[in-house]
1. From the phi angles alone, apply the Karplus equation (6.51, -1.76, 1.60; θ = phi - 60°) to region 253-259 and give each ³J(HN,Hα) in whole Hz, x where the residue is Gly or Pro.
2. Could you tell me what percent of the DSSP beta bridges with both partners in the chain are antiparallel, to the nearest 5?
3. Could you point to the label whose value was computed as Kirkwood radius over Cα pairs in Å for the structure here, given (i) 24.4; (ii) 25.7; (iii) 28.1?
4. Hey, can you find the accessible area per residue of the chain for me, probe 1.4 Å, expressed in square angstrom?
5. Can you compute the helix-only [θ] at 222 nm over the chain? Use -39500 (n - 2.57) per DSSP H run of at least 4 residues, normalise by all residues, nearest 500 deg cm²/dmol.
6. State the percentage of accessible surface on the chain attributable to carbon and sulfur atoms; use a 1.4 Å probe and exclude ligands, DNA and RNA.
7. Taking K and R as +1 and D and E as -1, what net charge do the other residues with C-beta under 12 Å from the C-beta of Gly421 add up to?
8. Is there a pair in Lys235/Lys341; Lys235/Lys352; Lys352/Lys494; Lys194/Lys378 whose C-alpha atoms are over 30 Å apart, and which pairs would that be?
Amino acid sequence: MAGHGHHHHQFSLCFCDLMRLLWSLVVPCVYLSLALSLLLLLVLLGLRMWLQGRRKSRRAQDGGPAVAFFHPYCNAGGGGERVLWCCLRALMNRYPNVSFVVYTGDQGVSGEQILEWARQRFNITLPRPPTFVFLRHRGLVEAACYPHFTLLGQSLGSMFLGWEALTAFVPDLYVDSMGYAFTLPIFRYLGGCKVASYVHYPTVSTDMLSVVRERNPRFNNADFISRNPVLSALKVVYYCCFALLYGLAGSCSDVVMVNSTWTLGHILALWRSPSRTSVVYPPCDVRAFLEVPLDGEDEEELEEGWEELGSELGSEEEGRGEGVDRKCHSIVSVGQFRPEKDHPLQIRAFRKLMDRKREGTGGREALRLVLIGGCRNKEDEDRVLMLRGLCQELGISDCVDFKLNVSFEELKRELVNASIGLHTMWNEHFGIGVVECMAAGTIVLAHKSGGPKLDIVVPYEGRQTGFLADSEDSYAAAMETILSLTPSAKLEIKRAARESVGRFSDQEFEACFLAATEPLLNQVV
């Protein structure tokens with residue numbers, strides 16, 4: 001018993017000595033942490049004062065406020081870029097005394113060339129040219145730089161790119177028009193700017209979490225992760241932590257605009273700023289497509305149109321069954337060559353359609369798939385090569401055309417002449433290409449999810465405006481159904497679709513965008 005008490009006493013002494021040692025280490029660490037925190041705070045305050053001083057001197061020199069748009073890929077040809085140019089056009093017309101800046105990472109081009117490409121691609125001419133600030137480190141936001149933890153890497157990279165932009169030019173109002181939410185706190189708290197954001201697509205969403213939880217392989221969930229329950233669980237934790245940070249960054253925005261009902265739901269769940277958030281549908285150049293006559297076409301006029309189209313594309317089929325058009329049909333897809341657009345699904349569904357035509361009463365040689373889209377970089381170009389290889393593998397390369405970075409006039413011509421407008425992106429945030437197809441008088445076949453399902457391909461005054469599908473078989477079946485419609489049935493769908501797209505016009509966008517940003521502009525003007 002005495003020995004046991006002795007050992008207990010020794011243990012107590014050792015424990016007390018250990019606690020004293022830990023305490024002696026904790027106290028300096030606390031003081032050091034406080035000192036470092038204070039030093040960091042002083043540095044941040046110093047940077048804020050320096051940046052605000054630069055803004056004041058710039059305003060004294062220019063004599064007015066400045067609005068800056070952060071759009072590292074402004075020379076690309078996607079719907080996000082069209083939003084940028086329409087935003088600038090609307091603000092320039094409303095506020096003639098405000099100067100405008102575009103932060104871009106495009107290299108090897110001039111501001112004049114960028115504006116000329118915008119005119120050719122989008123049919124948009126600005127009242128006056130903005131100032132372009134060319135950023136040198138756009139590679140920091142490229143997915144290729146981060147083979148693992150891509151979302152986190154790109155977000156951190158955007159912060160460094162945002163810092164480069166802020167130190168190059170300090171605006172009064174900062175607008176993130178491309179979805180880089182982690183730049184918002186930098187401009188708000190360091191630059192002292194008012195900040196606004198237009199969100200095309202949430203960086204992380206509950207749908208992405210569900211894909212990982214269900215271990216469903218998709219373009220953003222590799223097969224080796226979906227097959228491993230441990231890696232899937234770790235990725236869920238990673239996504240949840242990232243979603244928390246993303247929400248904190250996004251909540252810094254004074255005004256939040258989203259492009260669809262689908263995006264609205266996710267941003268409200270993540271950013272939690274309902275009073276500052278509104279839906280502003282993106283601008284679609286429906287007026288240019290609506291110039292092509294559609295009303296009053298009868299069956300004979302439709303037949304003549306198909307004959308002309310068949311002659312133009314050089315693959316015309318002899319014969320025509322009663323009520324079924326078997327002239328040459330082009331199935332057109334419009335969308336940048338990115339993985340989420342799921343071009344392989346389009347190609348495989350087209351192959352199944354051709355198989356159905358082979359089994360049925362002719363028509364295989366009268367079909368063409370036309371893939372129209374922009375290529376931003378070598379990664380997109382490599383993806384096009386992969387898609388060409390898939391066409392070769394399936395034996396349909398002679399029936400598939402790739403048209404890259406086309407002009408607006410060529411885009412318009414292809415859509416007007418198309419039989420079907422094809423869209424396959426799962427949970428597309430909006431779908432400008434879908435709206436353009438409907439305005440052009442093309443019967444649209446879109447993915448049964450996201451913006452097309454909730455906002456675009458919806459009944460208009462009780463009438464059908466298009467078709468939805470979600471698999472290779474359902475796409476092939478829907479395409480076959482569309483091609484077999486009578487001319488009068490096609491015309492009725494086209495008319496309903498055209499009447500429904502007025503809510504996505506440039507005029508509607510500009511009115512909603514100006515209404516959302518007016519409170520901020522009134523504070524800086």
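The values are calculated or read from the model by the stated rules, or taken from the named source; none is laboratory data. As the structure is a computational prediction, the values presented were derived from the model and not from experiment. All Cβ positions, glycine included, derive from the backbone under ideal geometry; neighbour counts span all protein chains shown. SASA here: full protein model, heavy atoms, side chains in, ligands and nucleic acids out. Shrake-Rupley method; radii C 1.70, N 1.55, O 1.52, S 1.80 Å.
1. 6, 6, 9, 10, 10, 10, 9
2. On the way: 2 of 46 bridges.
If we restrict to bridges inside the chain, about 5 percent are antiparallel.
3. (ii)
4. Working: 23910 Å² over 525 residues.
Per-residue value: 46 Å².
5. Values: 17 runs with 270 residues, N = 525.
Value at 222 nm, helices only: -17000 deg cm²/dmol.
6. Working: 13680 of 23910 Å².
In the chain, the share of accessible area belonging to carbon and sulfur is 57 percent.
7. Values: positive: Lys494; negative: Glu414, Glu436.
So the environment of Gly421 carries a net charge of -1.
8. On the way: Lys235/Lys341 23 Å; Lys235/Lys352 35 Å; Lys352/Lys494 25 Å; Lys194/Lys378 36 Å.
Over 30 Å Cα-Cα: Lys235/Lys352; Lys194/Lys378.
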